[in-house]
Amino acid sequence: MRRLFGHIFMALSGLVLALPIIVVAGASLNGGRTMLFPPEDPNFARFVEFFITETIWVRALQNSLIVAFGSATLAVLLAWPLAYLLWAKGSKASKVLAGLGSLPFALPPIVFGVGLGFLWAFIGSLGAIWVGIVSHATLFLALPLVTISIGLQSIDRAHLDAAATMGATEAVTFRTVILPQTLPYSISGFFFALVLSFNEFIVMFFVSASAYATVTLQIFNSLRNGYTPTMAVAAVLFITVSIAVFSAVARWGDLPRLMGADQSRN
Amino acid sequence: MTAVDSTKAEMTAPVPQMRRPWGTWALGALILFLAVTPFILVIVISFGQKIEGAGWEWDFTLANYQRFFVGALWPDEVTFLHLQRLYYALYYAVIASVLAVATAFPFTYLLTRQSRRAQSCWLVFILASLSLSEVFIVMGWDVLLSNRSGLPMLFEVSGATDWLKRTGWFDVLREWGLANPRNVKFKTSEFATILTMSYLVWPYAVILLYPALSRLDPSLTEAARTMGASPTKVMTSVILPTVKLPLIGSTLLLFVFLLGSYVTVVVFAEPAKQTTAVAVYESVRGATLDAPFGAAQAVVLLVTAALFLVLAQYLTKRSEAR
């Protein structure tokens, strides 16, 4: 009885969680240009519009992809030495640095966005696309930092000792022991940053200065004119990408462990 | 997910000394530049001054803060408009974060009792909805709550509206601002704002509670059960005390996260009940174009957020120390 009640509660939570997503996905099938649910005259015309015919959406999607891939790569590249420093030395300075690096993620993004807007305006490159990439990389630096740190901690000390005993140099140990064992964690961190960058918009709003638009920005800009089913197509795309990415992380990595589950119990 | 976890890497690994200290310095400088200067700039500019019709200039004036706390015309006239916005930001965030944690807690507890595989599936779904942009979530709830479709329509068609009218609840709803003369309405209302905010952080609540709950030793609860404690007793005397600190810590983190939420408030809150985050946006990029005042409001938001973050950090540390 209790068990059944638990199952019902979980199913209900899942349903509420899925509700707006289902509604948006349904609305994306609308044949007309009004956001109706259930959809009227369902077909895939809006999908064609979003991916092929309407240039503002095609360009926005390109920008989103460039910023997401660029910033996720940069975030991993920045997080790696920092996580390594933290793990290898564990000095006070490296901890402070890691804490400062996580500040943008922890504090309200609107404040960081306003600050970045000022910073890039001083440098004179507000509105350049590389600025968007660097901004997102900083915002999401905390994510690969955490996953790579978890990966480094999971390395068996015996392997390092064995490598040292057999006379491996630091570089060799790094290449043959540390790098392979932390690769899944680096990739997870990359994907976390990628997906969040793809979906982020408030920081992007301040640093893009309306010079270009990502998909989320484009949707936000059209907010006042009301929603159209074409925007719902974007939502469907985004949720599909997220599910695909996290499924991949779960398939090839240890998702419960990344989320901090206990290792001793399986 | 914070870098707090990474501080566990305290045990020093048998790795030789770094041979390139300049690389470390460069990395440190780069991270400081990117992650810290924006906040410093916001703080510095908050003391600046607006130039009418142009932009702003460096200065050291407390006028922006005065305007925030007591109004621009102080001491002749005192207005608390901006403080009121901060109040609404806190108000929405408190209720929404408590609501999210209260419902996510039993869910996460049940989740951690599932098989590893089932947990992975749920986690994929939860992470996907966690990363879904605020604009999409607002879009979904907007369709669900708007007057022409979604829930109000369902109320009308199913006869629930008539039932409410017959039983007299309709007048109560009208008093709460959740109905117009003809039917129930959810936009714009505190209800819609808090519901959407709560939905927004619910997956975060699960992810934050997950480590603490999955490390909960099952033998503890089993022991209590064999000794004849009722499930309710086990919950209140074994489980809740062990996870009390993570519970409070997560609520604080979610609260901080919600302080800055923007789209939800713009779409769902009544015009008179907007928050500081919206005001920051209006000042910096919106109609008024008063960057220093926007920065001052951002600083107030920042300080509020930082206070609660420090508190959350302290609680997390304490729970880890045990």
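The values are calculated or read from the model by the stated rules, or taken from the named source; none is laboratory data. Quick caveat, the model's predicted, so the values are computed rather than measured. Every residue, glycine as well, gets a Cβ built from its backbone with ideal geometry; the counts of neighbours run over all protein chains shown.
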Reported set for region A:223-243 where residues are more than 9 Å from chain B (Cβ to nearest Cβ) and small (Gly, Ala, Ser) is A:GLY226
Those residues of region A:97-136 that are closer than 23 Å to B:SER283 by Cβ, of a type in the set (Val, Ile, Thr) and facing another protein chain (nearest Cβ under 8 Å) come to a total of 3
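Whether any residue in region B:167-184 is within 14 Å of chain A (Cβ to nearest Cβ) and either closer than 24 Å to A:ILE202 by Cα or of a type outside the set (S, T, N, Q) (or both) is what I want to check.
Residues of region B:167-184 within 14 Å of chain A (Cβ to nearest Cβ): none.
Checked region B:167-184: no residue is within 14 Å of chain A (Cβ to nearest Cβ) and either closer than 24 Å to A:ILE202 by Cα or of a type outside the set (S, T, N, Q) (or both).
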In the set A:ALA193, A:ALA234, A:ALA244, the lone residue that is over 12 Å from the mean Cα position of the chain (by Cα), surrounded by 24 or more Cβ atoms within 10 Å (Cβ to Cβ) and aliphatic (A, V, I, L, M) is A:ALA234
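Considering each residue of region B:104-161, count those that are over 30 Å from B:ARG174 (Cα atoms) and of a type in the set (Ser, Thr, Tyr), and give that number. Break it down stepwise before answering.
Filtering region B:104-161 down to residues over 30 Å from B:ARG174 (Cα atoms) leaves B:104-133.
Okay, now just the ones that are also of a type in the set (Ser, Thr, Tyr), so B:108-109, B:112, B:115, B:120, B:129, B:131, B:133.
The total comes to 8.
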The correct count of residues that are at pLDDT 80 or above and surrounded by fewer than 20 Cβ atoms within 10 Å (Cβ to Cβ) in region A:247-266 is 3
Expected output for region A:154-174 (first residue more than 11 Å from chain B (Cβ to nearest Cβ) and surrounded by fewer than 16 Cβ atoms within 10 Å (Cβ to Cβ), partner of a type in the set (Val, Ile, Thr) and not in a helix (DSSP H, G or I), Cβ below 9 Å, 6+ apart or cross-chain) is none
In region B:106-122, anything of a type in the set (A, V, I, L, M), within 9 Å of another protein chain (Cβ to nearest Cβ) and free of Cβ contacts under 8 Å to residues at least 24 places away in the same chain is listed as B:LEU110
Apart from one, (1) crowded, with 18+ Cβ neighbours inside 10 Å; (2) within 22 Å of the chain's Cα centre (by Cα); (3) under 23 Å from A:ALA213 (Cβ atoms) all hold for A:ALA128; the odd one out is (1)
Of the residues in region B:178-227 that are in contact with a Gly (Cβ under 9 Å, 6 or more places away or on another chain) and aliphatic (A, V, I, L, M), the one that is surrounded by the most Cβ atoms within 10 Å (Cβ to Cβ) is B:LEU208
Region A:86-147: helices (runs of 4 or more DSSP H) wholly inside it with 2 or more residues that are within 22 Å of A:ILE187 (Cα to Cα) are A:92-106, A:129-139
When every residue in region B:28-71 that is surrounded by 19 or more Cβ atoms within 10 Å (Cβ to Cβ) and touching an Asp or Glu at 6+ places or on another chain (Cβ under 6 Å) is compared, the one farthest from A:SER135 (Cα to Cα) is B:LYS50
The one condition B:GLU282 fails out of (1) more than 9 Å from chain A (Cβ to nearest Cβ); (2) surrounded by 23 or more Cβ atoms within 10 Å (Cβ to Cβ) is (2)
For helices (runs of 4 or more DSSP H) lying entirely in region B:77-152, having 2 or more residues that are more than 20 Å from the chain's Cα centre (by Cα) and farther than 29 Å from A:PHE140 by Cβ picks out B:81-112, B:134-145
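Quick grid of which residues meet (1) exposed (fewer than 15 other Cβ atoms within 10 Å of the Cβ); (2) modelled with pLDDT of 85 or more; (3) of a type in the set (Lys, Arg):
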| residue | (1), (2), (3) |
| --- | --- |
| A:ARG3 | yes, no, yes |
| A:ILE8 | yes, yes, no |
| A:GLY14 | no, yes, no |
| A:LEU17 | no, yes, no |
| A:ILE21 | no, yes, no |
| A:GLY26 | no, no, no |
| A:GLU40 | yes, no, no |
| A:ILE66 | no, yes, no |
| A:VAL96 | yes, yes, no |
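Considering region A:172-201 alone, what residues qualify as being part of a helix (DSSP H, G or I), aromatic (Phe, Trp, Tyr) and closer than 30 Å to B:VAL263 by Cα?
Let us first name the residues in region A:172-201 that are part of a helix (DSSP H, G or I), namely A:172-199.
Imposing the further condition that a residue be aromatic (Phe, Trp, Tyr) reduces the set to A:174, A:185, A:190-192, A:198.
Listed by number, the residues that qualify are A:PHE190, A:PHE191, A:PHE192, A:PHE198.
Among the residues of region B:26-72 satisfying the criterion of being of a type in the set (S, T, N, Q), within 14 Å of another protein chain (Cβ to nearest Cβ) and outside any loop (DSSP other than H, G, I, E, B), which is nearest to A:ALA79 (Cα to Cα)? Steps first, please.
Just the residues of region B:26-72 that are of a type in the set (S, T, N, Q), to begin with: B:37, B:46, B:49, B:61, B:64, B:66.
Still in the running and within 14 Å of another protein chain (Cβ to nearest Cβ): B:37, B:46, B:64.
Filter once more, so that each one left must be outside any loop (DSSP other than H, G, I, E, B): B:37, B:64.
Numbers: B:THR37: 18, B:ASN64: 37 Å.
My answer is B:THR37.
Right, B:VAL94: crowded, with 19+ Cβ neighbours inside 10 Å, β-branched (Val, Ile, Thr), under 28 Å from A:PHE220 (Cβ atoms) and more than 8 Å from chain A (Cβ to nearest Cβ) or not? Lay out the reasoning, then the answer.
Numbers: crowded, with 19+ Cβ neighbours inside 10 Å: no; β-branched (Val, Ile, Thr): yes; under 28 Å from A:PHE220 (Cβ atoms): yes; more than 8 Å from chain A (Cβ to nearest Cβ): yes.
Here the answer is no, as B:VAL94 does not meet what is asked.
Quick one: is B:SER230 within 12 Å of chain A (Cβ to nearest Cβ), hydroxyl-bearing (Ser, Thr, Tyr), over 15 Å from the mean Cα position of the chain (by Cα) and exposed (fewer than 15 other Cβ atoms within 10 Å of the Cβ)?
Details: within 12 Å of chain A (Cβ to nearest Cβ): yes; hydroxyl-bearing (Ser, Thr, Tyr): yes; over 15 Å from the mean Cα position of the chain (by Cα): yes; exposed (fewer than 15 other Cβ atoms within 10 Å of the Cβ): yes.
When the stated conditions are applied, B:SER230 passes them.
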Per the list (1) farther than 30 Å from B:VAL238 by Cβ; (2) surrounded by fewer than 23 Cβ atoms within 10 Å (Cβ to Cβ); (3) at pLDDT 80 or above, residue check on B:MET139 breaks on (2)
